[in-house]
Amino acid sequence: MGMDPWAFGLSGLLTGALVWFLEPLAHRHGLVDRPSGRKDHSLPTPITGGLAIAVAAICTLFVVDGYSTAIAAYCAASALILLVGFLDDAYDVRWYWRILCHVAAGLIMVYWGGVRVENLGAIFTETPISLGIWSAPFTLFVTVGLINAMNMADGSDGLAGSLCLAALLMLGAAAVYAGNLALATTIVPLAAAVAAFLLFNMRFPWQRRARVFLGNAGSAFLGFTLAWIVFRLTQDAAHPVSPVLTPWFLLVPIIDCVVLIVRRVRMRRSPFHADRGHIHHLMLDAGFKPAQVVAVLVSVSLVLGALATLVLRANSDGENLLVAGFVMLTGSYYWITSRRGRALLFFRRMHRFLTPSGTVVATPSLAHELEGLAEVASPAPARAGDGGVHAMSLEYRKTCSEIQPKHGPRRQVRSEKNPASRKSGS
């Protein structure tokens, strides 16, 4: 069946109707995310957005594509992920139980749906790398990774949904270019459902805060959905798309997730330890507004995804270049964020570059972090040969003086009241 425009409209309208219908029920039954700890929202907010997206998209999929083994497996695995996500939202399920259920959902996809990663493309070799017996374990690893990457990205109004929508659009374009119209047809209702949800989740002049969040159930569902689409797109021999390309469509959440997990493990913390080290937290603390965070990160995702596509098409060694570029970007971001003060200074300069005429209200924590960095940069008076360090210190202090709050003494950074809690959508 072709990509009928009515499928987009049906999925979008159904998502909007479900969000509207579930909102009062969520308040009535306590399915809300309450302000606390690291969370930036001020009012209890329903966490039923993910359920609305899932129900609308799956119903439309059955109408558009009809029944198939792959769709049935996807629905069963999605139902498991949504159930665990809601339990997590309500009772804060231990991380290892969540991972176990995500693995179970991946097993449903692999052995019932027949969707798995079997080759990685010709990376530094003449022929594509076949995974063989490692196919299923690698598929489960990537699936669990993408689920958690999207969960970690769900920390500012509209961010996770917008990154997912951008990825779906690029995956859909790749499917159309490769001639895989069947998969492109499948992506349409999913993209429509996410787009409709964003009308309730993003901040607009007429909507100063998100009306509904994805919740852990919704972010996990989107991560699983992206994994399912990526595997179907890159493992179709009739319409091949290089597996190396698709990580560039999900660049922001993947790099943020990998860097944070590596850093937490090196610090001997749980990989799922809650903190304000995510890229959106750093940008917010550096003075970006939530809408600006979404605009910048989605633009970065779209631009780098398009550039990766051009590199792959224009160069015979495109796959090798994309792998090397991905590793370099990840390493660079790890270095920038290895010190919080340096990361805040980097994003502060980015904000000043992107909004040269705008007035930025920086948080007290930013001034505090940068002053600490300035003290580290110049612990003693400058000596001969220390010109570079002294100049660096002067730059840090200049930035600190520019962003120092003008009213009242500097306050300390708000600590986490409950380190085990996780932010779900704001």
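So, Leu163, is that one in a helix (DSSP H, G or I) and either farther than 29 Å from Asp317 by Cβ or open to solvent by 20 Å² or more (accessible area, probe 1.4 Å) (or both) or not? Against the criterion (in a helix (DSSP H, G or I) and either farther than 29 Å from Asp317 by Cβ or open to solvent by 20 Å² or more (accessible area, probe 1.4 Å) (or both)), Leu163 does not qualify. Condition check: without any contact (Cβ under 8 Å) to a residue 24 or more places away in the chain, open to solvent by 10 Å² or more (accessible area, probe 1.4 Å) and not small (Gly, Ala, Ser). Does Gln235 satisfy that? No: the conditions fail for Gln235.
Does Ile261 qualify as being in a helix (DSSP H, G or I) and in contact with a Ser or Thr (Cβ under 6 Å, 6 or more places away or on another chain)? If you could, list the steps in order and put the result at the bottom.
Values: in a helix (DSSP H, G or I): yes; in contact with a Ser or Thr (Cβ under 6 Å, 6 or more places away or on another chain): no.
No: the conditions fail for Ile261.
Of all residues in the range 17-37, those that are farther than 14 Å from Gly49 by Cα have Cβ atoms under 8 Å from Cβ atoms of residues that are surrounded by fewer than 13 Cβ atoms within 10 Å (Cβ to Cβ) and of a type in the set (S, T, N, Q), 6 or more apart or on another chain, in Pro35/Ser42; Ser36/Asn418; Gly37/Asn418.
This table checks each residue for (1) among the aliphatic types (A, V, I, L, M); (2) surrounded by fewer than 17 Cβ atoms within 10 Å (Cβ to Cβ); (3) over 19 Å from the mean Cα position of the chain (by Cα); (4) not in a helix (DSSP H, G or I).
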{"position": "Val265", "(1), (2), (3), (4)": "yes, yes, yes, no"}
{"position": "Arg268", "(1), (2), (3), (4)": "no, yes, yes, yes"}
{"position": "Arg276", "(1), (2), (3), (4)": "no, no, no, yes"}
{"position": "Met283", "(1), (2), (3), (4)": "yes, no, no, no"}
{"position": "Val298", "(1), (2), (3), (4)": "yes, no, no, no"}
{"position": "Leu312", "(1), (2), (3), (4)": "yes, no, yes, no"}
{"position": "Ser316", "(1), (2), (3), (4)": "no, yes, yes, yes"}
{"position": "Leu329", "(1), (2), (3), (4)": "yes, yes, no, no"}
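For the range 128-140, check the following and say yes or no: at least one residue is open to solvent by less than 60 Å² (accessible area, probe 1.4 Å), in contact (Cβ under 8 Å) with a residue 60 or more places away in the chain, touching a helix residue (DSSP H, G or I) at 6+ places or on another chain (Cβ under 8 Å) and under 19 Å from Ile254 (Cα atoms). Yes: the range 128-140 contains one or more residues that are open to solvent by less than 60 Å² (accessible area, probe 1.4 Å), in contact (Cβ under 8 Å) with a residue 60 or more places away in the chain, touching a helix residue (DSSP H, G or I) at 6+ places or on another chain (Cβ under 8 Å) and under 19 Å from Ile254 (Cα atoms). For the range 285-296, which positions are of a type in the set (A, V, I, L, M) and open to solvent by 40 Å² or more (accessible area, probe 1.4 Å)? Passing the criteria: Ala291, Ala295. The residues of the range 141-153 that are open to solvent by 10 Å² or more (accessible area, probe 1.4 Å), more than 14 Å from Ile255 (Cα to Cα) and not aromatic (Phe, Trp, Tyr) amount to a single one, Val144.
The values are calculated or read from the model by the stated rules, or taken from the named source; none is laboratory data. From a predicted model like this one, the values you see are computed outputs, not experimental measurements. Here the Cβ is made from the backbone with ideal geometry for all residues, glycine too, and neighbour counts use every protein chain on show. The protein model used for the area step is the full one, side chains on, heavy atoms only, and it has no ligands, DNA or RNA in it. Shrake-Rupley method; radii C 1.70, N 1.55, O 1.52, S 1.80 Å.
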